[in-house]
Each structure stands twice: as C-alpha cells, then as structure tokens.
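Trainee: The structure follows.
Derivation of every value follows stated rules applied to the coordinates shown; laboratory data play no part. Everything numeric here is computed off the predicted structure, so don't read it as measured data. When we count neighbours, we look across all protein chains shown, and the Cβ atoms used for this are built from the backbone with ideal geometry, even at glycine.
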Amino acid sequence: MPLAHRLAHSMYAQFDHIVARALPKIAPRAVIAYENGALKTLQAAKRLGLPTILDAASVHHSMQAEGGLNDIGTAFRNRVNARKDAEIALADHILCCSTLAANSYIAAGVPADRVHAVQLGFEPGSFGPGSDRTAHEGPLRLAFVGRFTGVKGADLFATALDNLAGQAIPYDCRIAAARADGVPDLVARLGTRATLLGKVPHDELAALYRWADLLVMPSRFDSFGLVVPEALACGLPVLASDHVGASDFIVPGENGDIIPFNDADALTQALAKHAANPAGVRAMRPAALASAQGAEWAHYRTRVAQVVAEMLGWSAP
C-alpha cells in the first residue's frame with residue numbers, strides 16, 4: 001500500500017473533522033462535500049438538519065474494482081469503501097461527472113432520483129481549431145493520449161494496430177504518453193506500430209490534436225476523460241469505449257464513434273472502417289468543433305449551479 005495513499009486519506013480525514021466542527025458556526029443553507037473527505041461533515045450536517053450533496057469524483061467503487069483501480073491493499077481498500085458507502089447513505093443527492101458515473105451509482109443501488117450527472121468541462125486556452133490548419137491527405141492519422149496501461153486500453157490499441165498491419169491497412173499513429181510509468185511490454189509493442197512522442201506537456205497537446213484525424217480512447221475505465229472535449233474543441237473526432245464518461249459528448253457517425261469496452265475486435269473493426277474512408281472522418285471536423293461548444297469550465301460552473309438549485313428547490317441562479 002503506497003504511503004502517498006495513506007497520507008492523502010489522512011489529510012482528507014483531518015480536513016473533514018475541521019469542517020464538521022466549524023459547521024455550526026458557518027451556518028450554511030446546505031452542504032456540498034467531496035467524497036473521501038465528507039463523512040464527519042455530512043454527519044454534522046444531518047444533526048443540523050441541512051440538505052446534503054456528495055460530489056463524487058469518479059464512478060462507484062464497485063465499478064472501480066471491475067476496472068482494476070482498487071489495487072491499494074484489501075484491508076485499506078475495504079476501509080475506504082466503507083467510508084464511501086457511509087457518505088453515500090448520508091447524502092440526499094449524488095453529483096456525478098458523467099452518465100457513466102451516474103449509472104454506476106444507480107447500478108449499486110442508489111435511487112435514481114438521488115443521482116445527477118453534470119459533465120465536466122475543459123479550459124479552452126490553446127485548445128481550438130487553429131488558424132493554420134490545412135486539409136489532411138493520405139492515410140488515416142491516429143492519436144492516443146494516455147498511459148501505457150491496461151486501464152487505458154493500451155493493450156487493446158496495440159492489438160488493433162497489429163491487426164491493421166496484418167491486413168495491410170495503412171495508417172499513421174502518434175502516441176503521447178510517458179514511457180517511464182507505462183507497462184514495458186506495451187511500450188515496446190506500440191513502439192513498433194506508432195511514433196512515441198513521450199510525455200507531451202498539456203498545453204502542447206493541441207498540436208497533436210490538429211495533426212490527427214481521430215483520437216482513440218479505448219479505456220476500460222475512465223470516469224470522464226478531459227482529453228475528449230479538448231480534442232473535440234480542436235476539431236478532432238473521437239473514437240472512445242463506452243466506459244469513457246466523456247463519451248457523453250460523442251454522437252456516433254457525426255463526431256466520432258463509441259465501441260464496447262474491452263473489445264479489441266470492435267476496436268479493430270472501427271479503425272479499419274475509418275482507415276478505409278479517411279475523408280469521411282475528416283468530414284466530421286465541423287461536428288466535432290460544434291460538440292465542444294458550451295463545454296468549457298465556465299459553462300460547467302453554470303450547469304452545476306443550476307442543477308444544485310434544482311436539487312435544493314432554490315431559485316435558479
């Protein structure tokens with residue numbers, strides 16, 4: 001069990017105690033608390049008769065276990081999950097970051113009328129169509145941004161690229177991912193099929209998005225995935241698995257595609273289809289740009305305020 005995890009949860013608990021003790025003096029009209037650091041605060045809120053909202057950063061922990069993200073030691077994981085369950089029970093409402101996340105809470109038994117999805121946003125900054133973009137020609141250009149891990153579906157992507165090569169289907173691929181924290185075998189496999197760019201600074205990813213024709217995100221688990229709206233904002237269609245929360249932004253056939261997670265054959269077939277018609281993918285660019293409109297953080301804050309007001313029965317801000 002990494003020491004960093006224990007220290008982080010210890011800090012969450014200390015902050016939770018501080019807020020819980022201060023709550024009577026603060027005298028808020030409602031309490032919105034972040035998961036893992038909310039138990040004492042929510043208990044105090046209940047004693048004061050305040051409405052409570054739990055801001056859930058990810059999917060329900062049962063889905064995290066399916067995605068292989070709970071490899072932090074069984075005893076410690078069980079304590080963390082028990083705390084999460086207690087927080088969920090105390091919350092009048094759960095605020096989730098995607099439909100995927102919301103559905104995971106409903107599947108775990110939380111009543112649907114207590115669960116609300118508000119998709120996250122992105123910081124526009126350098127993410128936009130650019131002024132010097134020229135029409136692409138030649139084979140389909142693929143981009144992968146993430147980590148060389150199974151959670152991100154890097155093994156599925158490697159298999160799909162092997163399959164394309166075996167079928168003599170042309171493509172060009174660039175991968176932005178740090179080699180150091182990846183699975184060595186996946187780094188080696190993908191290194192034979194793509195150009196490995198290493199870790200690309202976040203504010204330089206737009207250049208990759210503008211170069212590419214299709215962002216590939218075959219994650220087995222991604223509660224949201226900020227790269228999706230960032231790529232769309234650059235006019236880049238996205239091929240994502242149905243376990244990527246930000247697939248909420250994707251309309252299949254219009255600004256990308258959605259495939260079943262953990263399915264290398266489905267990924268291969270989707271890539272082969274688009275590689276056979278690169279012009280069709282490139283024609284999705286206007287729809288990709290349009291789908292990112294209104295997805296910035298500023299719009300997210302407005303949407304959250306509206307949803308919270310609805311939860312609490314307050315006048316809309």
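Trainee: Compute the whole-percent fraction of alpha carbon pairs in the chain spaced more than 25 Å apart.
Mentor: 55
Trainee: Can you spot the lysines whose alpha carbon is less than 30 Å from K40's alpha carbon? Ignore those fewer than 8 places along the same chain.
Mentor: The qualifying lysines are K25, K84.
Trainee: Right, here's the next one. Inverting the mean 1/r over all pairs of different Cα atoms, compute the Kirkwood radius of segment 54-193 and quote it in Å.
Mentor: Averaging 1/r across every pair of different Cα atoms and inverting gives 18.5 Å.
Trainee: Also: Using a 10 angstrom cutoff on alpha carbons, build the Gaussian network for the chain and name the most mobile of D242, D162, D113.
Mentor: Greatest mean-square fluctuation among the candidates belongs to D113.
Trainee: Here is a follow-up. Arrange the following residues from fewest to most other Cβ atoms within 10 Å of their Cβ: F127, F122.
Mentor: With the sparsest Cβ surroundings first, the list reads F122, F127.
Trainee: Mind checking which aspartates and glutamates have their Cα closer than 14 Å to the Cα of K46? Skip sequence neighbours fewer than 8 apart in that chain.
Mentor: Qualifying aspartates and glutamates at Cα under 14 Å: E87, D92.
Trainee: Additional query: Can you give the Kirkwood hydrodynamic radius for segment 177-243, in Å, rounded to one decimal and based on Cα pairs?
Mentor: One over the average 1/r among Cα pairs gives 13.1 Å for segment 177-243.
Trainee: Now for a different question. Using only alpha carbon pairs under 8 Å that are at least six residues apart, calculate the relative contact order of the chain and give it in whole percent.
Mentor: 16
Trainee: Let me ask you something else. Can you sort C234, C97 from fewest to most other Cβ atoms within 10 Å of each residue's own Cβ?
Mentor: C97, C234
Trainee: Shifting gears a bit: Using 10 Å bins from zero, what percent of all Cα-Cα pairs in segment 140-291 falls into each bin?
Mentor: Binned Cα distances yield the sequence 13, 47, 37, 4.
Trainee: At 222 nm, what value in deg cm²/dmol follows for the chain if DSSP H runs of at least 4 each add -39500 (n - 2.57) and the sum is divided by all its residues, to the nearest 500?
Mentor: Here the helix-only value at 222 nm equals -13500 deg cm²/dmol.
Trainee: Which of the DSSP-defined H helices in the chain satisfy a minimum axial length of 27 Å, computed from C-alpha atoms, and a minimum mean Kyte-Doolittle hydropathy of -0.5?
Mentor: 3-26
Trainee: Tabulate in residue order the Karplus-calculated ³J(HN,Hα) for segment 198-204, using 6.51 cos²θ - 1.76 cosθ + 1.60 with θ = phi - 60°, rounded to whole Hz; enter x for Gly and Pro.
Mentor: Along segment 198-204, the couplings run x, 6, 9, x, 3, 6, 9 Hz.
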